[in-house]
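*Asks:* Structure in structure tokens, see below.
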There are 2 protein chains.
Amino acid sequence: MDILKEKHIPRATIQRLAAYVQVLENFARDNVEVISSNPLALASGVNASQVRKDLAYFGEFGIRGVGYPVLSLIKAITASLGVDQEWRMALIGVGNLGKALLNHDDFRARGFNITAIFDCDPFKIGEIVHGLEVRCTSDLPRLVLEAGIEIGIITTPPERAQRAAEHLVNAGLAGILNFAPARLHVPEGVNVEYVDFFDHLYTLAFKHSRQD
Amino acid sequence: MDILKEKHIPRATIQRLAAYVQVLENFARDNVEVISSNPLALASGVNASQVRKDLAYFGEFGIRGVGYPVLSLIKAITASLGVDQEWRMALIGVGNLGKALLNHDDFRARGFNITAIFDCDPFKIGEIVHGLEVRCTSDLPRLVLEAGIEIGIITTPPERAQRAAEHLVNAGLAGILNFAPARLHVPEGVNVEYVDFFDHLYTLAFKHSRQD
């Protein structure tokens with residue numbers, strides 16, 4: 001598993017490994033204990049030779065002619081990505097989308113815990129949402145330290161996203177997951193991932209227009 | 001704008017064009033009327049020469065030494081992508097995430113209207129959410145025809161996503177936006193876009209682990 005000790009793994013590889021974990025978890029839910037590369041390829045939408053190549057890194061887990069033990073493979077992949085530990089996250093913007101994410105059981109199930117929530121709306125501050133108290137962003141730096149928060153999530157309207165990003169960066173966070181439809185300016189060394197619904201909708205709409 | 005008449009535009013190009021639209025809309029909201037390529041590049045996180053190359057296709061809108069009129073450029077890009085019309089969408093899975101999307105004003109503002117919503121939970125059927133009645137998926141084929149629905153959205157739990165996809169495909173839809181953390185099997189010719197939060201979280205976590 002030493003490949004993943006390297007600093008730069010291509011984004012596409014991480015995407016495939018994330019897809020395998022998703023698929024393996026579905027198999028685990030159906031009580032499948034051992035899986036060979038072909039059904040894993042089919043379920044992941046990745047071609048079989050790529051799957052075998054990717055999983056060669058985890059080869060010690062494969063049993064020739066039988067396949068990979070599902071649970072061990074999930075563990076090996078998540079350990080290699082460094083995502084087998086608990087990650088604590090702060091969320092800014094407790095609107096509908098923020099609340100939906102707070103209710104998304106899969107975050108917690110995969111070790112990504114939202115442990116503090118923030119909103120600038122004075123009517124929301126103090127409200128309890130999913131067991132967490134909505135706080136003013138001025139409390140962010142203190143809570144990041146106290147709760148060991150490492151990732152920030154932005155679910156504000158687009159016009160407030162940049163401000164939210166600045167709060168997160170000033171509190172010392174270097175990883176941001178941005179759901180707001182706005183591009184962010186952050187200092188070098190801060191990683192932003194954009195969850196962009198419209199990019200996907202535009203792709204579908206564009207392909208559909210071309211098929212007619 | 002004839003470039004975009006081609007059938008295959010690289011995914012990366014669509015992503016950049018979607019990002020420009022987002023950024024241009026932010027400028028429009030701030031009442032900026034004309035923009036040159038440098039600030040557009042900075043705000044989009046794309047390098048300036050790539051922006052100029054992409055926008056050369058829309059060159060007739062640029063005024064040398066002045067820039068691009070913001071609103072006309074938005075119109076030109078969205079028209080070229082075929083996303084300047086109304087798109088009607090059906091959503092399956094009226095849980096927290098489904099409700100959050102129904103409340104997401106940006107969908108409607110950009111012409112993507114969720115016009116019918118479905119859930120298999122008998123306790124939800126008949127409920128009114130955001131002005132729409134939750135219906136049984138057996139009504140899907142009829143409603144797709146009657147309402148001119150072209151895109152399906154899946155916001156079910158992962159174990160129900162494949163079933164939802166089959167309902168959408170059987171109702172004649174060829175474009176699916178899947179928010180459930182599960183890979184889908186669909187017939188050739190059906191396009192699936194995955195909005196995968198974990199792919200992004202894994203990327204952030206992986207980069208963070210490597211920085212320590």
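*Asks:* Placing +1 at every Lys and Arg Cβ and -1 at every Asp and Glu Cβ, with all other atoms neutral, what dipole size does the protein assembly as shown have around its Cα centre, in debye to the nearest 20?
*Replies:* Its charge dipole is roughly 780 debye.
*Asks:* Could you list the square roots of 5 times each eigenvalue of the Cα gyration tensor of the protein assembly as shown, that is, the equivalent ellipsoid semi-axes, sorted largest first and rounded to whole Å?
*Replies:* Over the Cα atoms of the protein assembly as shown, the ellipsoid semi-axes are 32, 28, 25 Å.
*Asks:* Can you say what percent of the DSSP beta bridges in the protein assembly as shown, counting only those with both residues inside, are antiparallel? Round to 5.
*Replies:* Expressed as a percentage, antiparallel bridges in the protein assembly as shown total about 20.
*Asks:* Here's something else I'd like to know. From the label point of B:N103, set 7 Å along Cα to the beta carbon, how far off in nm is each other copy's matching point, shortest first?
*Replies:* 0.9
*Asks:* A follow-up question, please. Relative to the first principal axis of the alpha-carbon coordinates of chain A, what is the inclination of helix A:197-211, with its axis defined by its Cα atoms, in degrees from 0 to 90 and to the nearest 10?
*Replies:* 60 degrees
*Asks:* Now for a separate question. When Lys and Arg each count +1 and Asp and Glu each count -1, what net charge do the other residues less than 9 Å away from B:I125, Cβ to Cβ, add up to?
*Replies:* Net charge around B:I125: -2.
*Asks:* Moving on. Once the label point is set 7 Å along the Cα-to-beta-carbon vector, what list of distances in nm do you get between A:V190 and its counterparts in the other copies?
*Replies:* Taking the point 7 Å beyond Cα along Cα→Cβ, the inter-copy spacings are 4.1 nm.
*Asks:* With respect to the axis carrying B onto A, what is the closest chain B residue by Cβ position, and how many angstrom separate it from the axis?
*Replies:* B:A100, 2
*Asks:* If you don't mind, another one. Pairs A:K207/B:K207; A:K53/A:K75; A:K124/B:K124: which exceed 25 Å Cα-Cα?
*Replies:* Too far apart for the 25 Å limit: A:K207/B:K207; A:K124/B:K124.
*Asks:* How tilted is helix B:70-81 with respect to the longest principal axis of chain B? Cα atoms for both, answer in degrees (0 to 90, nearest 10).
*Replies:* It is inclined by approximately 50 degrees.
*Asks:* Which residues make up the longest stretch of chain B clear of GluC sites (Glu not before Pro) that lie in a DSSP loop with no more than 15 other Cβ atoms within 10 Å, not counting the sites?
*Replies:* Counting only loop sites that pass the neighbour cut-off, the longest clear stretch is B:128-187.
*Asks:* A further question follows. Please report, in debye to the nearest 20, how large the charge dipole of chain B is about its Cα centre when each Lys and Arg carries +1 at its beta carbon and each Asp and Glu carries -1 there.
*Replies:* 460 debye
*Asks:* DSSP loop chymotrypsin sites (Phe, Trp or Tyr not before Pro) in the stretch B:118-212 with at most 14 other Cβ atoms within 10 Å of their Cβ, which ones?
*Replies:* B:F123
*Asks:* Helix-derived [θ] at 222 nm for the protein assembly as shown: sum -39500 (n - 2.57) over DSSP H runs of at least 4, divide by residue count, nearest 500?
*Replies:* After summing the helix terms and dividing by residue count, I get -13000 deg cm²/dmol.
*Asks:* Output ³J(HN,Hα) for the stretch B:34-44: one whole-Hz value per residue in order, computed from phi by the Karplus curve 6.51 cos²θ - 1.76 cosθ + 1.60 with θ = phi - 60°, and x for Gly and Pro.
*Replies:* Each residue of the stretch B:34-44 in turn: 10, 9, 9, 5, 5, x, 5, 4, 4, 6, 8 Hz.
*Asks:* Here's another thing I want to ask about it. Distances in nm, one decimal, shortest first, from B:N47 to the same residue in every other copy, taking the label point 7 angstrom along Cα→Cβ.
*Replies:* So the distances to the same position in the other copies read 2.9 nm.
All of the numbers you see were taken from the coordinates with simple rules; none came from a lab. This structure is a prediction, so every number in the text was calculated from the model and none was measured. Quick reminder, even Gly has a Cβ in these numbers, built from the backbone with ideal geometry, and neighbours come from all protein chains shown.
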